[in-house]
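Notes follow the structure.
The values are calculated or read from the model by the stated rules, or taken from the named source; none is laboratory data. Everything numeric here is computed off the predicted structure, so don't read it as measured data. Glycine also receives a Cβ, built like all others from the backbone with ideal geometry; neighbour counts cover every protein chain displayed.
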Amino acid sequence: MKRKIALVGIGKIAIDQHVPALAASPDWELAATVSRSGRVDGVKAYSDFGLMLAENPDIGTVSLCMPPVPRYDYAHAALMAGRHVMLEKPPGASLAEVYALEKLAEAKGLSLFATWHSRMAHAVAPAKAWLKDTTITRAHITWREDVRKWHPGQDWVFQAGGMGVFDPGINALSILTEILPQPVHMRGAVLTFPSNCQTPIAAKLAFSGNVSADFDWRQEGPQTWDILVETPKGRLDLRMGGNVLEIDGKLHAGENSIMGEYPALYARMAQLVATRARDVDLAPMIHVADALTLGVRQEAEAFHL
Ligand code: NAP
């Protein structure tokens, strides 16, 4: 029998990915939504989260799709009400609040899943397997996209806690921290802030182990989500946000589509709930926090979405 789930924060990612993934899921029934303005045809809609929790004791799981800053209060309320919780990425606005949620979920014997959709991309597992037991001589991430295309009108990305270019960049870091055989740490960063924004629009990162990253939200035309890794046994290129893998320039694994990521997340959430387990890996977010701690600040001209 399918488990009932509520989707909270019906915006771009909920409509683009969560709703289709749930509609096709063998594990889940979308039983309610909570949003001030969004709704899903044929699904009971609430604007008050507390009311949804109180009126639907049979909905055992909530999936939170709003931006990171407001997410903690919803996650805390859901856990206090005995619900399992799935968090969009990044899992919160601060590391400490996610640690607190993990402790609360553990104390209550509930599942908490800090999702990283890019880790579910088609070629990430094959890339990890190919790099196992290998020495990395160099790695470089190029993550360049057009913020106006992917976040139309979403002012929160440039407000405090919105993470700016780290909102997509953390996807690259979620892949990096999954595939590298050894962890790396931040050694320095250059962050570019538009004069009217609280978060960076571009970042250049230098990690230990000859690993670097170039994130930029001002790229028009072709978009780039690539990770290059050089090793003594050859060169690995993960392209299309982790969905396509090339080894020494030849296609090795993957599929040029992002549509497998959210179905895989919901299948994983079903496994976690079945065993009341938790999956909370904050490694990608630690790198973002370290970049914001160590980063040298550059100012750029004002930017408007
Ligand atoms: P969005 O469309 O701007 O926001 C999603 C929904 O959250 C909004 O429609 C809004 O619904 C609700 N919301 C916004 N502010 C809120 C607040 N202060 N309190 C309660 N609810 C609030 O953003 P999104 O693009 O879907 O991104 C949401 C999350 O998904 C982010 O963490 C992002 O990193 C992640 N994500 C986004 C994408 C993408 O392509 N955009 C891809 C993967 C992951 P109501 O106003 O109707 O309540």
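Among the candidates Thr177, Thr199, Thr192, Thr135, the residue that is among the β-branched types (Val, Ile, Thr), within 16 Å of the ligand (Cβ to nearest atom) and at pLDDT 95 or above is uniquely Thr199.
Any chance you could count how many residues in the range 138-174 are among the small types (Gly, Ala, Ser), near the ligand (Cβ under 10 Å from one of its atoms) and more than 15 Å from Pro90 (Cβ to Cβ)? Before you say what the answer is, go through the steps one by one.
So in the range 138-174, the residues among the small types (Gly, Ala, Ser) come out as 139, 153, 160-162, 164, 169, 172, 174.
Now narrow it down to the ones that are near the ligand (Cβ under 10 Å from one of its atoms): 153, 162.
Going one step further and asking which of them are more than 15 Å from Pro90 (Cβ to Cβ), we end up with 153.
The qualifying residues number 1.
Within the range 23-58, the residues that satisfy the criterion of being surrounded by fewer than 20 Cβ atoms within 10 Å (Cβ to Cβ), more than 23 Å from the chain's Cα centre (by Cα) and of a type in the set (A, V, I, L, M, F, W, C) are Val43, Ala45, Leu51, Ala54.
Set side by side, the residues Glu230, Glu246 differ, and just one is more than 12 Å from the ligand (Cβ to nearest atom), outside any helix (DSSP H, G or I), over 27 Å from Ile13 (Cβ atoms) and free of Cβ contacts under 8 Å to residues at least 24 places away in the same chain, which is Glu246.
Of all residue pairs spaced 6 or more apart or on separate chains, those with beta-carbon atoms under 6 Å, a first member in the range 1-30 that is farther than 22 Å from Ser257 by Cα and a second member that is charged (D, E, K, R) and in a loop (DSSP other than H, G, I, E, B) are Lys4/Asp58; Trp28/Lys2; Glu29/Lys2. With respect to the conditions (1) away from the ligand (no atom under 15 Å from the Cβ); (2) closer than 22 Å to Pro90 by Cβ; (3) modelled with pLDDT under 95, Met1 lacks only one, and its number is (2). Scanning the range 9-54 for residues that are within 8 Å of the ligand (Cβ to nearest atom), outside any helix (DSSP H, G or I) and either in contact with a helix residue (DSSP H, G or I) (Cβ under 6 Å, 6 or more places away or on another chain) or of a type in the set (Ser, Thr, Tyr) (or both) yields Val34, Ser35, Ser37, Ser47. Comparison of Leu112, Leu101 shows that the only residue that is within 15 Å of the chain's Cα centre (by Cα) and away from the ligand (no atom under 12 Å from the Cβ) is Leu112.
Take Ser47 and decide whether it is of a type in the set (Ser, Thr, Tyr) and over 24 Å from His117 (Cβ atoms).
Numbers: of a type in the set (Ser, Thr, Tyr): yes; over 24 Å from His117 (Cβ atoms): yes.
It is true that Ser47 is of a type in the set (Ser, Thr, Tyr) and over 24 Å from His117 (Cβ atoms).
Every residue, every condition in (1) under 30 Å from Glu102 (Cα atoms); (2) at pLDDT 95 or above, yes or no:
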site: Glu246; (1), (2): no, yes
site: Lys250; (1), (2): no, yes
site: Gly254; (1), (2): no, no
site: Met259; (1), (2): yes, no
site: Ala264; (1), (2): yes, yes
site: Arg268; (1), (2): yes, yes
site: Thr275; (1), (2): yes, yes
site: Leu282; (1), (2): yes, yes
site: Ala300; (1), (2): no, yes
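Of note, Glu246 does not satisfy the criterion of being under 17 Å from the mean Cα position of the chain (by Cα), of a type in the set (D, E, K, R), surrounded by 18 or more Cβ atoms within 10 Å (Cβ to Cβ) and more than 25 Å from Gln298 (Cα to Cα).
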